[in-house]
Amino acid sequence: MANQEYAEGQKARQKDGSIIVMKGGHWVATGPTASATAPKGDAVMKRQAAATLSKEQPIVDAAHRGLNALNEFDQINDRLHPTGGFINSTANSVRKFFGNADLERIDQLSKGFARQQGAQEKGSVSNYEGKMFEGMVGGPNRPYSTNKSFSQAARHQSQEIINRHQFKDIFLQKNGTLVGSDAAYDSRPRKAPPSTRKGPSGWTVTETP
């Protein structure tokens with residue numbers, strides 16, 4: 001018999017990667033099989049993917065803070081209902097001089113949006129670049145409708161960051177990897193996105209159909 005050609009305790013590897021050993025004249029599956037070792041490799045990949053998601057978390061946290069700031073921005077914009085232009089700017093200067101909490105706060109929010117936008121574009125920005133980005137966001141001296149358009153575009157951007165991260169987290173739990181997650185997110189069924197146009201200051205304005 002073929003088994004008599006092998007010594008007791010001798011091991012062999014089968015085509016599927018499984019390990020068998022000669023015991024009592026019979027081949028017995030005993031060692032770790034390919035299917036048994038695979039989960040270990042999968043676990044390593046899953047930990048690495050989870051670490052990737054963890055590194056993205058600060059960006060997601062910033063997006064959540066951005067949404068909260070935009071809510072506050074919209075409320076102040078509704079109260080002030082600025083018209084833009086020289087007269088509006090002059091009136092705001094006078095009101096700031098005498099102290100106006102809404103103007104001071106919307107100014108702070110506007111500068112915060114500029115810093116965040118600058119950080120996304122350049123990493124760290126100079127004072128000059130910071131001023132440049134300030135001109136690309138809404139503020140107290142811009143018309144009400146311009147501020148609304150800016151807020152809508154910025155809100156869409158922040159929500160997209162959050163949605164993609166949540167999708168990738170679910171994808172990882174189901175598949176054990178992030179490979180293909182971005183493509184799956186981009187191809188998922190969803191409503192047609194709003195149309196966009198280029199704003200006067202260089203930022204994208206999101207328009208509902």
Check: Using the Cβ atoms and a cut-off under 10 Å, what net charge is assigned to the surroundings of Pro140, where Lys and Arg are +1 and Asp and Glu are -1?
Finding: +1
Check: How long is the gain from Gln48 to Gln75 if the chain were fully straight, where each residue apart is worth 0.36 nm and the alpha carbon distance is subtracted?
Finding: 5.6 nm
Item checked: Label-point separation, Ala183 to Ser145 (7 Å along Cα→Cβ), nm -> 4.4
Note to self: Along the Cα→Cβ direction, 7 angstrom out, place labels at Ala7 and Ile59. What is the inter-label distance in nm?
What the structure shows: 5.8
Checklist line | With all protein chains modelled, accessible area of Arg115 [1.4 Å, Å²] | finding: 150
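Please list Ile161, Ile87, Ile106, Ile20 in order of solvent-accessible area, largest first, computed with a 1.4 Å probe with all protein chains present.
Working: Ile161 50, Ile87 140, Ile106 0, Ile20 20 Å².
So, going from the largest accessible area down, we get Ile87, Ile161, Ile20, Ile106.
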Next item on the list: Rank these by accessible area, largest first, 1.4 Å probe: Lys23, Lys46, Lys11, Lys55.
Entry: Lys55, Lys11, Lys23, Lys46
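What FRET efficiency comes out for the pair Asn175/Leu67, r = Cβ-Cβ distance, R0 = 25 Å, nearest 0.05? Before the final figure, lay out the partial values.
On the way: r = 28 Å, r/R0 = 1.13.
E between Asn175 and Leu67, to the nearest 0.05, is 0.30.
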Note to self: How large is the accessible surface of Asp186 in square angstrom, using a 1.4 angstrom probe and rounding to the nearest 10?
What the structure shows: 80
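The values are calculated or read from the model by the stated rules, or taken from the named source; none is laboratory data. Quantities reported herein were computed from a predicted structural model and do not represent experimental measurements. Please note: Cβ atoms are built from the backbone with ideal geometry, for glycine as well, and neighbour counts cover all protein chains shown. The area values use the complete protein model at the heavy-atom level, side chains included, leaving out ligands, DNA and RNA. Shrake-Rupley method; radii C 1.70, N 1.55, O 1.52, S 1.80 Å.
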